[in-house]
Amino acid sequence: MSTTPLVSICCQTYNHIDYIAETLDSFLMQKTDFEFEILLRDDASTDGTTEICHRYANKYPNKIKLLAYTENQWQRGISPFRDNVKRAQGKYIAMCEGDDYWTDSDKLQIQVDLIEKHNVGISFHAAEILSYNKDKINSDKSTFFYGDDIKVLSVTDIIDANGKTLNTPLASFVLKKEILDQLKSKDLEFYSNNLQHSFIILWMTYCSKALYVPRFMSVYRKSHVESWTYKMKSDFTFKKDYSLKTIKSYTKFDKITEFEFSSKIKKSIDKRIFSILKNINIPLKERNDFFKELKDQVNFKNRVLWFFIFKRKNVLQFINWLFKSYRQL
């Protein structure tokens with residue numbers, strides 16, 4: 001077995017004290033006929049996560065390579081994944097955040113074998129969601145399940161005719177590093193500022209194909225207090241800003257792919273804009289500023305809905321009352 005890692009596992013963590021040990025154990029249990037490295041990056045956690053990371057790194061020095069910051073880099077505008085992946089030596093990148101984990105000891109072997117067999121750029125698989133709601137944890141195995149058969153997918157499969165992008169967690173990704181590096185060479189600005197979850201799979205699929213594996217091999221934790229989903233629900237400014245960044249990313253992706261998928265991308269952008277405009281939990285002033293910035297990308301129907309319904313609190317309250325009354329009949 002070669003000592004050079006074939007796969008680099010990129011794990012970014014911050015304040016995941018309740019989860020990081022299970023995450024790291026799920027990496028260490030992998031059974032492969034190749035070497036892999038665990039690139040663990042802690043962004044100056046304040047809850048004890050850092051100490052756990054050091055303990056694991058000291059116990060497995062030949063496997064875990066720890067990058068532990070004493071000052072938070074995210075607040076300085078540094079992307080955790082981009083900062084971590086530049087350390088990767090492997091031909092393949094496997095991804096998993098510090099609050100998610102893998103459930104199958106054969107996950108890496110299966111995905112690498114299938115990528116090479118089908119000659120695709122990225123593989124993802126079925127995954128379970130654990131949703132945290134007060135003292136309850138609910139399981140969902142339907143959202144990230146796309147059928148019982150292995151599927152090779154193109155960009156038009158990842159983003160459909162209605163602009164909906166296929167959703168799958170980062171913990172299910174294994175991808176070819178060279179294709180990710182091609183984006184860096186082609187458009188450094190996009191790589192540096194727009195490389196979000198959806199655009200990783202879109203770019204990889206655009207350059208090659210994506211492979212779906214119908215096997216549950218990871219768990220995505222949702223809505224716990226340190227999760228991205230919790231921030232999206234509880235911090236509406238965060239939600240608005242994230243949506244704005246995603247919209248700009250779609251616009252940029254449309255340009256670097258020479259407008260090949262423009263009709264679908266425009267529909268996706270329109271859906272994301274309107275999801276903010278109709279969200280009455282976001283203050284009206286913020287939604288109005290959001291509309292002003294993006295009004296040229298809002299279609300006529302949604303402009304009408306914005307001006308005559310969602311911009312007018314009294315009208316919206318009346319419509320909500322009308323629907324509630326109708327359901328009670």
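The values are calculated or read from the model by the stated rules, or taken from the named source; none is laboratory data. Every value quoted in this text rests on a predicted model; they were computed, and no experiment measured them. Cβ coordinates were reconstructed from backbone atoms using ideal geometry, including for glycine residues, and neighbour counts include every protein chain displayed. Side chains are part of the model used for accessible areas, which takes the heavy atoms of the whole protein and leaves out ligands, DNA and RNA. Shrake-Rupley method; radii C 1.70, N 1.55, O 1.52, S 1.80 Å.
Tabulated results
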read-out	value
Rounded, prolate or oblate (a/c below 1.5 giving rounded, otherwise prolate when a/b exceeds b/c) for the stretch 8-90 by Cα gyration tensor	oblate
Residue of Asp83, Asp135, Asp270 that the Gaussian network model of the chain assigns the largest fluctuation, springs spanning Cα pairs under 10 Å	Asp135
Top of Met29, Met95, Met204 by mean-square fluctuation, Gaussian network on the chain, Cα under 10 Å	Met29
Helix 284-294 vs. the chain, principal-axis angle (Cα, 0 to 90°, nearest 10)	80
Residue-by-residue Karplus 3J(HN,Hα) for the stretch 21-36, coefficients 6.51, -1.76, 1.60, Hz, glycine and proline x	5, 5, 4, 5, 4, 5, 6, 5, 7, 5, 9, 9, 9, 9, 7, 9
Calculated FRET efficiency for the pair Phe145/Asp18, C-beta based, R₀ 25 Å, to 0.05	0.45
Two-site label geometry, Asp157 and Lys59: point separation in nm, points 7 Å out along Cα→Cβ	4.0
Dimensions (Å) - the stretch 134-260, Cα atoms, principal axes, largest first	48, 40, 29
Solvent-accessible heavy-atom area per residue, rounded to whole Å², over the chain at 1.4 Å	51
Estimated distance in nm for a label pair at Asp235 and Lys313, the labels positioned 7 Å out from Cα along Cα-to-Cβ	2.5
Among Lys86, Lys278, Lys301: highest mean-square fluctuation, GNM of the chain, C-alpha pairs under 10 Å	Lys301
Karplus-derived 3J(HN,Hα), 6.51/-1.76/1.60, for each residue of the stretch 132-144, Hz, glycine and proline x	9, 9, 6, 9, 9, 10, 9, 9, 9, 10, 9, 4, 9
Using alpha carbons only: equivalent-ellipsoid semi-axes of the stretch 273-329, gyration tensor based, whole Å	24, 12, 8
C-alpha center-to-center spacing [the stretch 4-21, the stretch 37-106] in angstrom	4
Crossing angle, helix 262-277 versus the chain [Cα axis fit, 0-90 degrees, rounded to tens]	70
Listed pairs Lys65/Lys184; Lys86/Lys184; Lys176/Lys267; Lys164/Lys255; Lys31/Lys151; Lys264/Lys285 exceeding 21 Å between Cα atoms	Lys65/Lys184; Lys176/Lys267; Lys31/Lys151; Lys264/Lys285
Spin-label zone in the stretch 181-197 - amide nitrogen under 14 Å from a point set 7 Å from the Cα of Thr251 along the C-beta vector	194
Tilt relative to the chain, helix 197-207 - C-alpha long axis, 0 to 90 degrees, to 10	70
Segment Ser275-Ser105, length gained on full extension (0.36 nm per residue, minus Cα span)	57.3 nm
The stretch 1-157: C-alpha gyration tensor shape, a/c 1.5 cut-off, then a/b vs b/c	oblate
Computed label-point distance, nm, for sites Leu244 and Arg327 using a 7 Å Cα→Cβ extension	3.2
Charge tally in the Cβ shell below 12 Å around Phe291, where Lys, Arg are +1 and Asp, Glu are -1, Phe291 excluded	+4
The stretch 55-162 - percent of accessible surface contributed by carbon and sulfur, probe 1.4 Å	45
The stretch 1-139 - charge dipole about Cα centre, Lys and Arg +1 at Cβ, Asp and Glu -1, debye rounded to 20	400
